[in-house]
Amino acid sequence: QVQLVESGGGLVQAGGSLRLSCAASGRTFTNYHMGWFRQAPGKEREFVAGISGRSDTYYEDSVKGRFTISRDNAKNTVYLQMNSLKPEDTAIYFCAAVRSGLARVTTTRYDNWGQGTQVTVSS
């Protein structure tokens, strides 16, 4: 198991940027595949971006070209840089992890979750 703590959420105007961070506990961070999900009011939680221990990345279509996921294994931290934000990006953003060496995992495999951080984009 790994403990995850998100930070960096807030209120931003449309077109602006935010960077989310997720700090993970433990000494085997590189063994974990990391991801970001989000849940908007009245909607189901959806996948946003994922990154392997070797930094293979993949994204949900609506954020491609705007969001960038990255990780710093020395700091046990994963980031989500969000640019050109839109009101429809408003949601609680969750960091997630699963122990895996694969370049990509199915979203249902994630089994460690953070508490979430609120992102609100005003029009």
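The values are calculated or read from the model by the stated rules, or taken from the named source; none is laboratory data. Fair warning: this is a prediction, and the values are worked out from it, not measured in the lab. Virtual Cβ from ideal backbone geometry, glycine too; neighbours counted across all protein chains shown. To get the accessible areas, we keep the full protein, side chains included, count just its heavy atoms, and leave off ligands, DNA and RNA. Shrake-Rupley method; radii C 1.70, N 1.55, O 1.52, S 1.80 Å.
Could we say that residue 53 is closer than 23 Å to residue 1 by Cβ and either hydrophobic (A, V, I, L, M, F, W, C) or at pLDDT 95 or above (or both) here? The answer is no for residue 53. Output yes when any residue across segment 23-31 is aromatic (Phe, Trp, Tyr) and part of a strand (DSSP E or B), and no when none is. No, that holds for no residue. Which of the residues spanning segment 93-123 are in a loop (DSSP other than H, G, I, E, B) and under 14 Å from residue 48 (Cα atoms)? Selection gives 104, 105, 106, 110, 116. I'm told residue 101 meets every condition in (1) of a type outside the set (D, E, K, R); (2) touching a helix residue (DSSP H, G or I) at 6+ places or on another chain (Cβ under 9 Å); (3) surrounded by 15 or more Cβ atoms within 10 Å (Cβ to Cβ) except one. Can you identify the failing condition by its number? For residue 101, the exception is condition (3).
Cβ separations smaller than 6 Å between residues 6+ apart or across chains give no pair from segment 105-122 residues that are under 19 Å from residue 58 (Cβ atoms) to residues that are open to solvent by 50 Å² or more (accessible area, probe 1.4 Å). Here's a check for you: in segment 18-43, which residue that is open to solvent by 60 Å² or more (accessible area, probe 1.4 Å) and more than 14 Å from residue 88 (Cα to Cα) is modelled with the lowest pLDDT? Among those residues, the one meeting the criterion is 27. Restricting attention to segment 73-91, the residues being over 15 Å from residue 8 (Cα atoms) and surrounded by 13 or more Cβ atoms within 10 Å (Cβ to Cβ) number 4.
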